[in-house]
Amino acid sequence: MLALTGAGGFVGMALRHRLMREAMAVRLIVRAPLAAEGGREHVFEAGDLTRPDCDFARAVDGAAVVVHLAARTSGTAGGDEAAFRAANVAPTLALAQAAARAGVRRFVFLSSLKAAGERSRPRQPLTPQDAAPEDAYGRSKREAEEGLAGIAARTGLEVVVVRPPLVYGPGVKGNFRLLMGLAGSRLPLPLGAVDNRRSLVHADNLADAIVAAATRPFAGPFALHHIRDEGDLSTPQMIRTLGAALGRRPLLLPVPVGLLRAGGRLLHREAMVERLVGSLASDDSAFRTAFGWQQPVQIGAGLAETARWYRALRHAAAAGSSA
């Protein structure tokens, strides 16, 4: 049996669908009531995982594998250092310690590329050896990684940490949905001179990789890996691909990148501009080799699928507002 936290989230839903295809028995460790989908899912209401009285022992009892997705994310309001540590470090380590005591074989932790850093150099993608987080979220994920390495060394619990970049796919929210809005607009975009590289991972690819990390043998007891879609893209490439699927041909003006960064500083939007013009690429070759993994969804098809979902969503919203 596999025990899963974060089952109601974007990645959690994709993983549940993937596990259904595997016909694997799954215990959903949830904070609030959640409906099971199919007879192989069972719900365990553990309450707030950040509370010291949370019954981690019962939550993992009888499980062979624990997959921990639940977290305070980088887009969460109130993201100070203490809040991220309380949500992302202490519960992770408490859950892993309970798993080790219960005889769980393997613990899979969803970290983030932000634990490695916020930027990569040209032709030098970030590797699992990189660890230079720049914000509270990334630091909390890195601290959890370090704590898990210690637990694996002390107890023999097999721990696999996976660091995904930006996750996309139908149902995505946040910055990626904003990017689709730009790609589908008729506005000229000053991004034609951008020549960066950004790693992405489709939710279905991430789910498939997590299943591989949970079930396939590896040289333990601890491993830390990056996960991504093969084929990093520039921001203009992403916008053109999304725009084509949305029935648009985006107009990209060749504004110098230095001028865009200066405008970001002037408007106090440096982080937003950097996400559009800077590089953040990762190297996942070690994971592909260690687990014999190949992604099921290619990046071009994944972007087109996500854009078609977004277009249908907008059409439905427009139809609802005019009814």
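The values are calculated or read from the model by the stated rules, or taken from the named source; none is laboratory data. Keep in mind it's a predicted model, so treat the numbers as computed, not measured. Quick reminder, even Gly has a Cβ in these numbers, built from the backbone with ideal geometry, and neighbours come from all protein chains shown. Calculation scope for accessible area: heavy atoms of the full protein, side chains included, ligands and nucleic acids excluded. Shrake-Rupley method; radii C 1.70, N 1.55, O 1.52, S 1.80 Å.
Quick one: would you say Ala271 is over 26 Å from Gly117 (Cβ atoms) and modelled with pLDDT under 95? Answer is no for this residue. Condition first: surrounded by fewer than 24 Cβ atoms within 10 Å (Cβ to Cβ), among the β-branched types (Val, Ile, Thr), at pLDDT 95 or above and under 18 Å from the mean Cα position of the chain (by Cα). Can you find one or more residues in the stretch 91-102 that meet it? Scanning the stretch 91-102 turns up no residue that is surrounded by fewer than 24 Cβ atoms within 10 Å (Cβ to Cβ), among the β-branched types (Val, Ile, Thr), at pLDDT 95 or above and under 18 Å from the mean Cα position of the chain (by Cα). Every condition in (1) out of contact with any Phe, Trp or Tyr (no Cβ under 8 Å at 6 or more places or on another chain); (2) open to solvent by less than 10 Å² (accessible area, probe 1.4 Å) holds for Ala212 except the one numbered (1). Annotation: of all residues in the stretch 222-231 being part of a loop (DSSP other than H, G, I, E, B), modelled with pLDDT of 95 or more and not aliphatic (A, V, I, L, M), the one that is nearest to the chain's Cα centre (by Cα) is Arg228. In the stretch 251-323, counting only helices (runs of 4 or more DSSP H) that sit wholly within it, the ones holding 2 or more residues that are among the β-branched types (Val, Ile, Thr) span 270-277, 299-322.
When the residues of the stretch 52-62 are narrowed to those that are assigned to a loop (DSSP other than H, G, I, E, B) and either of a type in the set (A, V, I, L, M, F, W, C) or open to solvent by less than 70 Å² (accessible area, probe 1.4 Å) (or both), which ends up farthest from Asn88 (Cα to Cα)? Filtering first and then ranking leaves Gly62. Sort out which residues of the stretch 26-51 are open to solvent by 60 Å² or more (accessible area, probe 1.4 Å) and touching a helix residue (DSSP H, G or I) at 6+ places or on another chain (Cβ under 8 Å), and write them in order of number. Within the stretch 26-51, Glu37, Arg40, Thr50 qualify.
If you go through the stretch 116-144 and keep only what is surrounded by 20 or more Cβ atoms within 10 Å (Cβ to Cβ) and either under 15 Å from the mean Cα position of the chain (by Cα) or among the polar types (S, T, N, Q) (or both), you end up with Ala116, Ser120, Tyr137, Gly138, Ser140, Lys141, Arg142.
Residues in the stretch 279-306 that are surrounded by 19 or more Cβ atoms within 10 Å (Cβ to Cβ), out of contact with any His (no Cβ under 7 Å at 6 or more places or on another chain) and either of a type in the set (S, T, N, Q) or modelled with pLDDT under 95 (or both): Ser279, Gln295, Thr306. Residues considered: Ala71, Ala82. Of these, the only one that is within 23 Å of Pro170 (Cβ to Cβ) and either open to solvent by 60 Å² or more (accessible area, probe 1.4 Å) or touching a residue at least 60 places away in the same chain (Cβ under 8 Å) (or both) is Ala71. For Ala153, the criteria (1) in contact with a strand residue (DSSP E or B) (Cβ under 9 Å, 6 or more places away or on another chain); (2) assigned to a helix (DSSP H, G or I); (3) open to solvent by less than 40 Å² (accessible area, probe 1.4 Å); (4) not charged (D, E, K, R) hold in every case but one, which is (3).
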